[in-house]
Amino acid sequence: MALLVAGAFFMEILDATIIAPAIPAIAATFDVAAVDVNVAISAYLVTVAVLIPASGWMADRLGIRRVFLTAIAVFTLASLGCALSASLPMLVGMRVLQGIGGAMMVPVGRLAVLRYSAKTDLVRAIALLTWPALAAPVVAPVLGGGIATLGSWRWIFFVNIPIGVVGLLLALKLIRGGPAATTTPFDWRGLLLLGSGIAAALIALEHIRVSGTEWRLVGSGALAATVLLTAAVWHLRRTSSPLVEPAVLRIRTLRITVSAGSLYRLVITAVPFLLPLMFQLQFGWSAFSAGLMVAALFVGNLTIKPITTPLMRRFGIKRVLLVNGAVSVAWFGLLAALRPGTPVVVIAAVLYVSGALRSIGFTAYNSLAFADVDGDELTHANTLNAAVQELAAGLGIAIAALLLTVLTSYAWTFVALGAMLAITLVETLRLPGDAGAQVSGTR
């Protein structure tokens, strides 16, 4: 079940940005400006972010199995619609439909894994669910660029169809979970406030560019997001049946994962965004060469994965987070030291280790998130964590672009990101020494 949900997670994250390298080809097909095609990316991201908070209630009301199966079917059919789109408005509409499927597919699938896994098996399950978030942002530019170069951009969406069909067949056999015995009324006001606030934030972030940022739009979006999200928190804390229960943040391990873990994801999401730009614009490499080099991050993610769980079992989650965090901060200094004359082998080695560190840290935070969450609180904790992580991923790219604009230096941008990562160590120090011991099986 965890492998199936991981595959769905990979597909959902991959489709968020895989069309970016194909934007010029899509623009040529529809006879529009390339900048206009960005709305197809934004429409998907905003739809996923807005609807994630509703996924927990739907899972309780309709059942995990029914929602997950429907989500895969919707995502697959929407992918076919994207591939067959005859105009940009049609493509955007199909991307919104894809986002609806993605918003239901991943959080509900993760909830199934959390609910039906024993605490002792949770670290192994979370490790499987972690690699898509690490791998997809790195693989997307290479895969999207390769498909667009060697064939038609429409194949970016066609490849989802056989994957979706296989996923649906496996889900019929593996996913279980019926409706809850009792369900609370749906919190429409909470969805409107929370969804609108997240959408405003992502729209503002999406319009931050390395050059040519529309600061008036970004500022108004940030202001709207602040007001809406503040109102959402006020509403959620006072209503009897909230869409997301803020009270779950009283659980220390979940609270630190939401704060420090989100900052960690923000920083590591920025790296695959910055590296291709640096390799092309500063080093003078081709897009293909830059994409291949960034793939070293993915290799690091993949090869370290088998030992992440044994590391947490041997040393404990807190110690792993502290050591990994300290080394990661230092490694940002090495990223900042890369220059056009640096040997390719050295660059590849730095990126490989950086990918391994990302994998260890992200797996540890994800394992910690639900270590002390049980029963009905799992739904609220899963929904809250998913929404915050989605926002952090979008914020990572925007912050990286903003830092690069202000500092006008890739080296100083990596230094600034390393300083941000160091803040997570302060939060980690507040964890008890045995944090997450029941899921990691620390000896």
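The values are calculated or read from the model by the stated rules, or taken from the named source; none is laboratory data. Note that the structure is a prediction, hence the values are computed from the model and not measured. No Cβ is skipped: glycine too gets one built from the backbone with ideal geometry, and neighbour counts run over all protein chains shown. The accessibility values were calculated without ligands, DNA or RNA, using every heavy atom of the protein model including side chains. Shrake-Rupley method; radii C 1.70, N 1.55, O 1.52, S 1.80 Å.
Can you classify region 1-137 as rounded, prolate or oblate using the Cα gyration tensor, where a ≥ b ≥ c are the square roots of its eigenvalues, rounded means a/c under 1.5, and otherwise it's prolate if a/b beats b/c and oblate if not? Prolate. If you roll a 1.4 Å probe over the chain with all protein chains in place, what percent of the accessible area is carbon or sulfur? Carbon plus sulfur share of accessible area: 69 percent. Only one residue of 317, 360, 275 has its Cα farthest out toward the positive end of the dipole of region 233-373, where Lys and Arg carry +1 and Asp and Glu -1 on Cβ, and that residue is 317. Based on C-alpha pairs under 8 angstrom that are at least 6 apart in sequence, the chain has a relative contact order of 23 percent.
Rolling a 1.4 Å probe over the heavy atoms of the protein chains gives region 147-197 an accessible area of 61 Å² per residue. Toward the positive end of the charge dipole of the chain, with +1 on the Cβ of Lys and Arg and -1 on the Cβ of Asp and Glu, the farthest Cα among 194, 106, 142 is that of 106. When 365, 410 are compared by accessible area at a 1.4 angstrom probe, the order from most to least is 410, 365. Note on the chain: GNM, Cα springs under 10 Å; of 278, 105, 312, the largest mean-square fluctuation is that of 278. Ranking 313, 430 from most to least accessible surface, computed with a 1.4 Å probe over the protein chains only, gives 430, 313.
Across the chain, how large is the tail of the calculated P(r) beyond 27 Å, expressed as a percent of all Cα pairs? In whole percent, the long-distance tail amounts to 52. In region 52-104, Cα pairs under 8 Å separated by at least six residues give a relative contact order of 46 percent.
Only the Cβ atoms of Lys and Arg (+1) and of Asp and Glu (-1) were treated as charged; on that basis the dipole of the chain about its Cα centre amounts to roughly 940 debye. What the Cα convex hull of region 60-209 gives, in volume per residue, is 159 Å³.
Using a probe of 1.4 angstrom and keeping all protein chains present, the accessible surface of region 264-390 works out to 37 square angstrom per residue.
Placing unit charges on the Cβ atoms only, positive for Lys and Arg and negative for Asp and Glu, gives region 304-443 a dipole magnitude near 660 debye about its Cα centre.
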